[in-house]
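Reading through the structure tokens given below for one structure.
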Amino acid sequence: FETIIAEINPEINQKLTTFEKATEDIKTRRSNVHVVVAEDSAMLRDLLVTTLHDSGYRFVRDFGNGQDAWDYLQALSKKGGKIEDHVAIIVSDVEMPKMDGHRLLKLVRDDERLKDVPLVLFSSLISEEMKRKGEELGASGHISKPEINQLIGLLDNLVFGEPLREGDKEAAAIL
């Protein structure tokens, strides 16, 4: 679906593939952050992983559905040490097979070790009702597809407590 939309509307494709380049200092700060991505669209998942890598987030584990992401998070939760050393932030689509993003969010918030890990809902379905439901479940933020540049800024703000680039202040305001 996303491929067809990108071909029909090049402006959407530009939003999908354009993000502000990071300085080496910013990339260094991002380089040890562990990100988990749950996205069922293979095209968007690959794009997200590539964009995260290009922006300096080197440790990215991606999954095609919420259940596989949850199984991985459960395994991380059982490891010793600080959970942030294994997962610092989660990005999830809302509508996915096996387990949707809202269910994944609820399970993360109910898990004693994972409950404080930021989880951002990244979906084409971010309506006011969906945003309200995400907030009730404890979402750390919402970004509508295809705003990848805002997603990077929001991740920075949630992980580091501050926008890392001047242009990220807009993303920080989304919180």
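The values are calculated or read from the model by the stated rules, or taken from the named source; none is laboratory data. In this text the structure is predicted, and so the values were computed from the model without any measurement. Note: ideal-geometry Cβ built from the backbone for every residue, glycine included; neighbour counts use all protein chains shown. Only protein heavy atoms, including side chains, enter the accessible area calculation; ligands, DNA and RNA are left aside. Shrake-Rupley method; radii C 1.70, N 1.55, O 1.52, S 1.80 Å.
From the list Asp25, Asp110, Asp85, pick out the single residue that is open to solvent by 20 Å² or more (accessible area, probe 1.4 Å), among the acidic types (Asp, Glu), out of contact with any strand residue (DSSP E or B) (no Cβ under 9 Å at 6 or more places or on another chain) and at pLDDT below 95.
Of Asp25, Asp110, Asp85, the one residue that is open to solvent by 20 Å² or more (accessible area, probe 1.4 Å), among the acidic types (Asp, Glu), out of contact with any strand residue (DSSP E or B) (no Cβ under 9 Å at 6 or more places or on another chain) and at pLDDT below 95 is Asp25.
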Inside region 28-78, the number of residues satisfying the requirement of being in contact with a strand residue (DSSP E or B) (Cβ under 6 Å, 6 or more places away or on another chain) and of a type outside the set (A, V, I, L, M) is 8
From the option list Val120, Val60, Val91, Val108, single residue qualifying as under 15 Å from the mean Cα position of the chain (by Cα), more than 15 Å from Leu155 (Cβ to Cβ) and among the β-branched types (Val, Ile, Thr) is Val108
When (1) open to solvent by less than 50 Å² (accessible area, probe 1.4 Å); (2) modelled with pLDDT of 90 or more; (3) closer than 26 Å to Leu137 by Cβ; (4) of a type in the set (Ser, Thr, Tyr) are applied to Thr51, the one that fails is (2)
The one condition Met96 fails out of (1) in contact with a strand residue (DSSP E or B) (Cβ under 9 Å, 6 or more places away or on another chain); (2) surrounded by fewer than 23 Cβ atoms within 10 Å (Cβ to Cβ) is (2)
